[in-house]
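These notes are about the structure you will find just below.
Just so you know, all these numbers are worked out from the coordinates, no wet-lab data involved. Computed from a predicted structure; not experimentally measured. Don't worry about glycine lacking a Cβ; one is built from the backbone with ideal geometry, like all the others, and counts go over all protein chains shown.
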Amino acid sequence: MYLLGNENNYGLFWEGAETEDIPLEDRKSTIRARHMYEVFNQAAVAMKAIDTSVPIAMCNGDVLFIDIIAEECQDVDIYGTNMYRGISFGDAFQVVKDKLNKPILFTEFGSDAFNALENREDQAAQAKYLVGNWKEIYENASGLGKAGNSIGGFTFQFSDGWWKYGQTENLSVHDNNASWSNGGYQSDFAEGRNNMNEEWFGICAKGPTSALGLYELYPRAAYYALAKVHHFDPYAAGMSLSAIENHFRDIQVMDAVLQARGDKAALDAQQGGKIRVSGARMEFTTYSTGGDKITTPDNADPNERAYPNELGFGHMQSFFTDIEAKPTESVRGTVSFNVLGNVAENPIDEIFYENAGRIREVRTDEGELALTSLNRVRIYKANVSWNADLFDLEGFYRTGHYHWGYEGDFFGLYPEANYGPNIDIYNGVAPVGFEMAGKKSLNGLKVAFGPELWWGANPAVLVKYSRSLAGMTLTGIYHEDLDEQGPAVSSFAVPVPPNRRATLHL
């Protein structure tokens, strides 16, 4: 079978790559839809001119624009659909039969395994929805008395897709952000809030990734339930609706949940439980200082503290350990500790991170005392995230954040703070603070606050609020410095006097 497209009709509505709610009341795209389906049919005609032995299917999102499809796609053999309606496909089989008189193939269908109301994994609900879907697919197969146009489907999906939310961000994090709402999934549906978690659709959970880029999969309850579902052949001799009913009556979701408990326990053990060591590394760096007509001595003078202290080679040793905590599915935090070994004293950088461990000499009653343990152990960076009911909270310490330029901050009040290696070169601590993004009744509200939200920033709070008005987006931002930053520690960032700013952008 050749399959054309992948729910291209949703592309007439969506503005980005992530799954969104479909504005069913918006019919401005009808003209574009007709042109698109004309192209589908032209492709089918061209393909049949090359190969008539293979049927051609299309992949549409649900049954949107099915009347246009009936008019424009008469040379397509099979109606494929990505359909997410909960435990039942409703009238889909009969609608496709009446409108198109073609076989129906479910190119995608399924359920996530996460309960958005309770912020927890819900294997039982996922298994229940999938078993119900497959029961209807079998009941509507040819010759069993119902619509008779079902030829099967593809459960979406075999394993979780950790890339779905953010697309290119947090690829090593299993996000639980609900990006769209669907009333067909009543187990976690509430009016006015999203309940579909794109990264949790797998009938198998993904384990930790090894150093080789490999990982194990751990079957969920849906996996074991579907293993029993697929023992049934609706096309076998003597099959009937009563035979299907008897087969599915014997499939108990709770049995599948119990069967998957061992896999769940093994996954939790692999992930290290609520607190685990998520990373460790060692860095060894060699420095060489040399040149002609410079004042740096060939050999270090033990009686004089100068930098660089000598020509030649020096080396630095630095060790890192990362700890990850995940007390609940909605709260996650990581902290990276750094331990300094040997510290080079011959580099000629202006100010650099290894200064933190350099020897300091102080004068005491007994004479000069060399302090060798300053800042040898320190928190290198940290972040925390909390996905709450009314807001998402992100805390950061030296881990960076992005600007609000694409969210109405036309005048750049809140700049990006990703500094790369400069954090170490200049021994910076920024950015440090929190960002809060409102949801539901607080949708459109964002707040950032902290002692140094970007390099050299004063302790401040920024509040941003966006509203859609008459097809336009109005964004207001208020910035208040709460105190004055300390003196500059480098030429990279010089603090400015405290100020207060407000902007409005339409």
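Things worth noting here:
- Relative contact order [Cα under 8 Å, 6+ residues apart], the chain, whole percent: 7 percent
- Among Ser187, Ser150, the ranking by other beta carbons within 10 Å of each residue's beta carbon, starting with the fewest, stands as Ser187, Ser150.
- Look at where the Cα atoms of region 59-132 and of region 182-244 average out, and the two centres are 15 Å apart.
- Helical segments meeting 20 Å axial Cα length and Kyte-Doolittle 0.0 threshold in the chain (DSSP H): 30-50
- Proportion of all alpha-carbon pairs of region 83-204 beyond 18 Å (%): 54 percent
- In this simple spin-label approximation, Thr364 and Asn6 carry label points 7 Å from Cα along the Cα→Cβ vector, and these lie 6.7 nm apart.
- The separation of region 162-177 from region 377-448, counted between C-alpha centres, amounts to 17 Å.
- Residue exposure sequence - Leu445, Leu214, Leu453 - by fewest surrounding Cβ within 10 Å: Leu214, Leu445, Leu453
- Estimated from helical segments only, the mean residue ellipticity of the chain at 222 nm is -5500 deg cm²/dmol, where each DSSP H run of four or more residues counts as -39500 (n - 2.57).
- Taking the alpha carbon gyration tensor of region 275-371, multiplying each eigenvalue by 5 and rooting it gives semi-axes of 37, 19, 10 Å, largest first.
- Proxy reagent accessibility, fewest Cβ within 10 Å first, across Cys204, Cys73: Cys204, Cys73
- Proximal charge balance of Met239 [Cβ under 12 Å; K/R count +1, D/E count -1]: -3
- A straight Cα-to-Cα reach below 25 Å connects Lys128 with the lysines Lys146, Lys164, Lys206, Lys228, Lys264, residues fewer than 8 places away in its own chain not being considered.
- Reported value for the chain: 223 Å³ per residue, from the convex hull of its C-alpha atoms.
- Here the simple spin-label model places points 7 Å from the Cα toward Cβ, and for Leu258 and Glu480 these points are separated by 5.9 nm.
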